[in-house]
Amino acid sequence: MDLCIFCEYIAGRLPWYPVWQCEHGVVFLNLRQRSEGALLVAPRRHAESITDLSAAELHGLLSLATDATNLLFRTFEPDGLHTWCNSGAAAGQSEPHFHFQIVPRYEGRPYTFDSSRALVNTTNVVLASTLEKMKPHLLKISGARPA
């Protein structure tokens, strides 16, 4: 297997912005923000596709995705959310580690459907500020505690 950037984040070998985690997965800020608060939900262990996950892992990830959705609505009050996962490079999966993307959407604000690889990294200052905005709302989400 080639280097998996998500596995490197989860192992703490690369800088990242974890929001919270559970036994089976992690929620973290996407370093390439399409919209402020864009989150990724990924399993702790390397799995490339949803079919590589156990039922317990999938249940844990779906629970994290639900909590992440509630967190985004509480923190940023978006008009909607764009939630998806791609499986395989042909389907647009940019990293070979299964993950959900959850992105706040706002009426009248520009949005791109470009590949994540085509987006520029968001500055550390902006990512840290986004994480700080979320922290007070984490305590209102079932089971979520700041990472």
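Restricting to the stretch 118-139, name every residue that is touching a Leu at 6+ places or on another chain (Cβ under 7 Å) and farther than 16 Å from residue 16 by Cβ.
So the first thing to find is which residues in the stretch 118-139 are touching a Leu at 6+ places or on another chain (Cβ under 7 Å), and the list is 121-122, 127, 130-131, 134, 137-138.
Within the stretch 118-139, 137, 138 meet the criteria.
Determine, yes or no, whether residue 107 is in a loop (DSSP other than H, G, I, E, B), more than 14 Å from residue 28 (Cα to Cα) and out of contact with any Phe, Trp or Tyr (no Cβ under 8 Å at 6 or more places or on another chain). Talk me through it step by step, then tell me what you get.
On the way: in a loop (DSSP other than H, G, I, E, B): yes; more than 14 Å from residue 28 (Cα to Cα): yes; out of contact with any Phe, Trp or Tyr (no Cβ under 8 Å at 6 or more places or on another chain): yes.
Judged against the criteria, residue 107 is a match.
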Residue 137: passes all of (1) open to solvent by less than 80 Å² (accessible area, probe 1.4 Å); (2) assigned to a loop (DSSP other than H, G, I, E, B) but (2)
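Checking the condition surrounded by 15 or more Cβ atoms within 10 Å (Cβ to Cβ) and not acidic (Asp, Glu), which residue from 120, 103 passes?
Values: 120 fails: surrounded by 15 or more Cβ atoms within 10 Å (Cβ to Cβ).
Residue meeting the stated conditions: 103.
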Expected output for the stretch 47-75 (first residue closer than 20 Å to residue 8 by Cα, partner modelled with pLDDT of 95 or more and open to solvent by 10 Å² or more (accessible area, probe 1.4 Å), Cβ below 6 Å, 6+ apart or cross-chain) is 47/53
Flagged in the stretch 1-34 as touching a helix residue (DSSP H, G or I) at 6+ places or on another chain (Cβ under 6 Å) and charged (D, E, K, R), in numbering order, are 32
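Restrict the check to the stretch 122-143 and report whether at least one residue is closer than 19 Å to residue 7 by Cβ and within 15 Å of the chain's Cα centre (by Cα). Please lay out each step first, then the result.
So in the stretch 122-143, the residues closer than 19 Å to residue 7 by Cβ come out as none.
Within the stretch 122-143, none of the residues are closer than 19 Å to residue 7 by Cβ and within 15 Å of the chain's Cα centre (by Cα).
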Filtering the stretch 88-120 down to residues that are of a type in the set (S, T, N, Q) and closer than 23 Å to residue 43 by Cβ yields 93, 94, 101, 115, 116
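The values are calculated or read from the model by the stated rules, or taken from the named source; none is laboratory data. For clarity, every value in this text was computed on a predicted model and none was experimentally measured. Heads up, the Cβs are rebuilt from the backbone with ideal geometry, glycines too, and the neighbour counts pull from every protein chain shown. Ligands, DNA and RNA are excluded from the accessible area calculation, which covers all protein heavy atoms including side chains. Shrake-Rupley method; radii C 1.70, N 1.55, O 1.52, S 1.80 Å.
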